[in-house]
Amino acid sequence: MKVPLLDLKAQYATLRDKVRPVVDAVMDSQYFILGPEVEAFEKELAAYVGAKHAVGCASGTDAILLALMALNVGPGDEVVTTPFTFFATAGCVSRVGAKPVFVDIEPDTFNINPALVRKAITKRTKAILPVHLFGQCADMDPILDAAGDIPVIEDAAQSLSAEYKGRKSGVLARVACFSFFPSKNLGGFGDGGAVTTNDTDLAARIAALRVHGGKQRYYHDEVGINSRLDALQAAVLRVKLPYLDQWSDQRAANARRYDEMLAGARVVTPVARADGRHVFNQYTIRAADRDALQKHLNAHEIGNAIYYPVPLHLQKCYASLGYGAGSFPEAERASREVLSIPVYPELTDQMARHVAASIREFTG
Ligand SMILES: *Cc1c(COP(=O)(O)O)cnc(C)c1O
């Protein structure tokens, strides 16, 4: 049996009849960029996470970039973040001319270690950028406590619908950045992103920055970028948003099933904190002999992926930051041991059993 890592066609099959008419309506309107669909989606997204404002933009990367720009992060500034994440997290910091300052992760959740965040703060620290990796919120209380007046930005690209102590990712800090890349828990039909915040001035500034810094067209108060959400994406996302909780529950149910089936196997299953809702954008196990396990799964046509094979402090483009191998042992160990396996909502019982059996065939 072939099991893909993610099956977007299976989800589309259940939504086709709802999606086609809204896409048709946008095409009939010929209103493609921002506009009423985007405004309606922004309202619905803000209401969903419980934030005052949501501002749509072109990608999750741009959401982070816009948040940093709006918080005046620039040359000479430092941003404390994790080296175990998708590149965009740190790439945006560099893009605005600031310096990413990495600190190591907690081995159990793969998220940034709050005690190390505290130690990394200096006079130059202009923002703290935790990532809610794989769909589980970072331990925000001690991070916010360490931050004091320094703004904290949630990289929430993988965590829409996740919760921390009863509150949703999106309202856990000053501003949150979401991605609607097709493989995220809420995926569009292309690139898309959004920021959410309770700060009305910040939301207004981000809304201006995404259209070249003008509140009024052709009048530019500051230099922004072009990063707008398409009406087609907003229309599709509006159809999908009401299903998000159900999909995230299905992911979590698949995760629990794997936890049971892999108990006692020679792999470490992911830890879900008791004080939150882990929405499993990825189900990521650890194995000491990960590369051999991956070969075994590949040979059995079981989808899998390594998120992430090279921690950011060891990327070629960051050699100039001066971190060497050994700087962040937990991030480095994670990059050697992690393997993500299929956990998408439409995964059947039979498929999940097959994946687990195949892992156990290898690990015993
Ligand atoms: C996907 C992702 C991003 C970037 O989102 P895009 O929409 O692909 O630009 C940023 N951070 C993390 C942690 C992500 O997983």
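Here the helices (runs of 4 or more DSSP H) wholly within region 230-345 that include at least 2 residues being open to solvent by less than 30 Å² (accessible area, probe 1.4 Å) and more than 22 Å from Thr81 (Cα to Cα) are 231-240, 244-261, 290-299. Taking each residue of region 158-170 that is of a type in the set (Lys, Arg) and looking for partners that are assigned to a strand (DSSP E or B) and away from the ligand (no atom under 12 Å from the Cβ) with beta-carbon atoms closer than 9 Å, six or more apart or interchain, yields Lys165/Gly276; Lys168/Arg277. For region 66-98, which residues satisfy the criterion of being outside any loop (DSSP other than H, G, I, E, B) and closer than 17 Å to Pro130 by Cβ? Ala67, Leu68, Glu78, Val79, Val80, Thr81, Ala88, Thr89, Ala90, Gly91, Cys92, Val93, listed by residue number. Here region 37-50 is the region considered, the condition is being over 17 Å from the mean Cα position of the chain (by Cα) and surrounded by fewer than 21 Cβ atoms within 10 Å (Cβ to Cβ), and the residue that is nearest to the ligand (Cβ to nearest atom) is Glu44.
So which of Thr85, Thr61, Thr81 is within 8 Å of the ligand (Cβ to nearest atom), under 16 Å from the mean Cα position of the chain (by Cα) and open to solvent by less than 10 Å² (accessible area, probe 1.4 Å)? Before the answer, list the steps.
Numbers: Thr61 fails: open to solvent by less than 10 Å² (accessible area, probe 1.4 Å); Thr81 fails: within 8 Å of the ligand (Cβ to nearest atom).
Going through Thr85, Thr61, Thr81 in turn, just one is within 8 Å of the ligand (Cβ to nearest atom), under 16 Å from the mean Cα position of the chain (by Cα) and open to solvent by less than 10 Å² (accessible area, probe 1.4 Å): Thr85.
Number of residues in region 88-111 that are of a type in the set (A, V, I, L, M), out of contact with any strand residue (DSSP E or B) (no Cβ under 7 Å at 6 or more places or on another chain) and away from the ligand (no atom under 12 Å from the Cβ): the value is 1.
Checking each residue in region 1-36 for being within 21 Å of the chain's Cα centre (by Cα) and under 19 Å from Ala234 (Cβ atoms) picks out Leu8, Gln11.
Filtering region 6-25 for residues that are within 16 Å of the ligand (Cβ to nearest atom) and outside any strand (DSSP E or B) leaves a non-empty set. Which condition breaks for Ile225 when tested against (1) open to solvent by 20 Å² or more (accessible area, probe 1.4 Å); (2) touching a Phe, Trp or Tyr at 6+ places or on another chain (Cβ under 8 Å); (3) hydrophobic (A, V, I, L, M, F, W, C)? So Ile225 meets the others, but not (2). Can you tell me how many residues within region 110-166 are of a type in the set (A, V, I, L, M, F, W, C) and farther than 20 Å from Thr197 by Cβ? Qualifying residue count, region 110-166: 10. Is there a residue being of a type in the set (A, V, I, L, M, F, W, C) and either farther than 30 Å from Val117 by Cα or part of a loop (DSSP other than H, G, I, E, B) (or both) anywhere in region 52-60? Scanning region 52-60, I find at least one residue that is of a type in the set (A, V, I, L, M, F, W, C) and either farther than 30 Å from Val117 by Cα or part of a loop (DSSP other than H, G, I, E, B) (or both), so the answer is yes. On the given criteria, is Ala13 within 29 Å of Ala88 (Cα to Cα), out of contact with any strand residue (DSSP E or B) (no Cβ under 8 Å at 6 or more places or on another chain) and either surrounded by fewer than 14 Cβ atoms within 10 Å (Cβ to Cβ) or not assigned by TED's automatic domain parsing to the domain that holds Leu186 (or both)? So Ala13 fails the test.
The values are calculated or read from the model by the stated rules, or taken from the named source; none is laboratory data. Bear in mind the structure is a predicted one, so any value in this text is a computation, not a measurement. Counting neighbours? That spans all protein chains shown, and the Cβs are built from the backbone with ideal geometry, glycine included. In case anyone asks, the SASA skips ligands and DNA or RNA and just uses the protein heavy atoms, side chains included. Shrake-Rupley method; radii C 1.70, N 1.55, O 1.52, S 1.80 Å.
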